[in-house]
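K.L.:
Structure incoming, see below.
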């Protein structure tokens, strides 16, 4: 069980040039081992929020804390997965997954091999371990990116629209996969997505951001067990929460545009 991975944002704001505010007054706690989804319309600052947690950007004001310590830059305690899973074209699947571990010189070689083998199996890539990325489908390449991020065993997994470029069936397969990996690893996870159905299916909580600037307008518990499959999306409580979140996103988008 993870003993670290608690995130806290305290009155966080981010401004860009000419006083343009992407985020304003964001206060949020993500307990260790939990899965939180963040949704919002265009301009709500979803990706900016994830960049602040990842340490790729610095808040204009407020604090971002991981286990009580300020986030001052990127680190191996946070793994980040983007929409286009960046894989190294001249490395095999196995060597792609091993890449981050090669930057951990104190990790024994046997432990590196064991981790790579475990995450290849967890993501269904063992049979493809010798393949090059050009031989893989888009979904398989995204599995490689997920396995590589998790092989370093970060305290927090950050997902930025990770399945947006995939077809519907592959996307749903990946959603089931990421929930299974989360259940197996107890890694704290935060996903930002424009897909409300995805947010409700993956998260234990759904955070809704309003737009211009991004502010938290709702923090909703997902009234579903953690044992979910695709049939969950047809349950009345799932459909009701999805509709509620969609209404909130539309309402605050229209308010921002008025």
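K.L.:
Just to be sure I understand, how many residues within region 14-32 are more than 15 Å from residue 159 (Cα to Cα) and touching a residue at least 40 places away in the same chain (Cβ under 8 Å)? Give the derivation first.
P.N.:
If we filter region 14-32 for residues that are more than 15 Å from residue 159 (Cα to Cα), which is where we start, we get 14-29, 31-32.
After this cut, where a residue has to be touching a residue at least 40 places away in the same chain (Cβ under 8 Å) as well, the list is 14-15, 21-28, 31-32.
Matching residues across region 14-32 total 12.
K.L.:
Now, a different point. Within region 81-93, does at least one residue satisfy the condition of being surrounded by fewer than 18 Cβ atoms within 10 Å (Cβ to Cβ), touching a strand residue (DSSP E or B) at 6+ places or on another chain (Cβ under 7 Å) and within 15 Å of residue 156 (Cβ to Cβ)?
P.N.:
No, region 81-93 contains no residue that is surrounded by fewer than 18 Cβ atoms within 10 Å (Cβ to Cβ), touching a strand residue (DSSP E or B) at 6+ places or on another chain (Cβ under 7 Å) and within 15 Å of residue 156 (Cβ to Cβ).
K.L.:
Scan region 27-48 for residues that are at pLDDT 95 or above and either assigned to a strand (DSSP E or B) or more than 17 Å from the chain's Cα centre (by Cα) (or both) and jot them down.
P.N.:
27, 28, 29, 30, 35, 36, 37, 38, 39, listed by residue number.
K.L.:
Do you know which residues across region 168-185 are farther than 11 Å from residue 143 by Cβ and either touching a residue at least 24 places away in the same chain (Cβ under 8 Å) or within 15 Å of the chain's Cα centre (by Cα) (or both)?
P.N.:
First, the residues of region 168-185 that are farther than 11 Å from residue 143 by Cβ: 168-169, 171-172, 175-176, 179-180, 182-185.
Those that are farther than 11 Å from residue 143 by Cβ and either touching a residue at least 24 places away in the same chain (Cβ under 8 Å) or within 15 Å of the chain's Cα centre (by Cα) (or both): 171, 172, 175, 176, 179, 180, 182, 183, 184, 185.
K.L.:
So in region 247-256, with the set limited to residues that are touching a strand residue (DSSP E or B) at 6+ places or on another chain (Cβ under 9 Å) and surrounded by fewer than 16 Cβ atoms within 10 Å (Cβ to Cβ), which one is modelled with the lowest pLDDT?
P.N.:
We begin by selecting, within region 247-256, every residue touching a strand residue (DSSP E or B) at 6+ places or on another chain (Cβ under 9 Å); these are 248-249, 251-253, 255-256.
Restricting the remaining residues to those that are surrounded by fewer than 16 Cβ atoms within 10 Å (Cβ to Cβ) gives 251, 255.
On the way: 251: 90, 255: 59.
Restricting to residues being touching a strand residue (DSSP E or B) at 6+ places or on another chain (Cβ under 9 Å) and surrounded by fewer than 16 Cβ atoms within 10 Å (Cβ to Cβ), the top hit is 255.
K.L.:
If you don't mind, another one. Working only within region 148-180, note down all residues that are surrounded by fewer than 21 Cβ atoms within 10 Å (Cβ to Cβ) and closer than 16 Å to residue 230 by Cα.
P.N.:
167, 168, 169, 170, 171, 172, 173, 174, 176, 177, 179, 180
K.L.:
I would also like to ask the following. One residue is enough: does region 187-203 have a residue meeting the conditions free of Cβ contacts under 8 Å to residues at least 12 places away in the same chain and not in a helix (DSSP H, G or I)?
P.N.:
As a first pass, look at region 187-203 and keep what is free of Cβ contacts under 8 Å to residues at least 12 places away in the same chain: none.
Looking for residues that are free of Cβ contacts under 8 Å to residues at least 12 places away in the same chain and not in a helix (DSSP H, G or I), one finds none in region 187-203, hence no.
K.L.:
A follow-up question, please. How many residues are more than 12 Å from residue 97 (Cβ to Cβ) and part of a helix (DSSP H, G or I) when one looks only at region 117-132?
P.N.:
Count: 1.
K.L.:
Given the condition surrounded by 16 or more Cβ atoms within 10 Å (Cβ to Cβ) and in a loop (DSSP other than H, G, I, E, B), answer yes or no: does some residue in region 9-26 qualify?
P.N.:
No, there is no match, as no residue in region 9-26 is surrounded by 16 or more Cβ atoms within 10 Å (Cβ to Cβ) and in a loop (DSSP other than H, G, I, E, B).
K.L.:
So which of 169, 175, 140 is closer than 28 Å to residue 56 by Cα and assigned by TED's automatic domain parsing to the domain that holds residue 5? Talk me through it step by step, then tell me what you get.
P.N.:
Working: 169 fails: closer than 28 Å to residue 56 by Cα; 140 fails: assigned by TED's automatic domain parsing to the domain that holds residue 5.
On inspection, the qualifying residue turns out to be 175.
K.L.:
Mind listing just one residue for me: the one in region 205-224 that is part of a loop (DSSP other than H, G, I, E, B) and buried (at least 19 other Cβ atoms within 10 Å of the Cβ) and, of those, modelled with the highest pLDDT? I'd like the intermediate steps shown before the answer.
P.N.:
Initially, region 205-224 is screened for residues part of a loop (DSSP other than H, G, I, E, B), giving 211-213, 222-224.
Now restrict to residues that are buried (at least 19 other Cβ atoms within 10 Å of the Cβ): 211-213, 222.
Values: 211: 89, 212: 85, 213: 91, 222: 97.
Only one residue tops the list, namely 222.
The values are calculated or read from the model by the stated rules, or taken from the named source; none is laboratory data. Computed from a predicted structure; not experimentally measured. Here the Cβ is made from the backbone with ideal geometry for all residues, glycine too, and neighbour counts use every protein chain on show.
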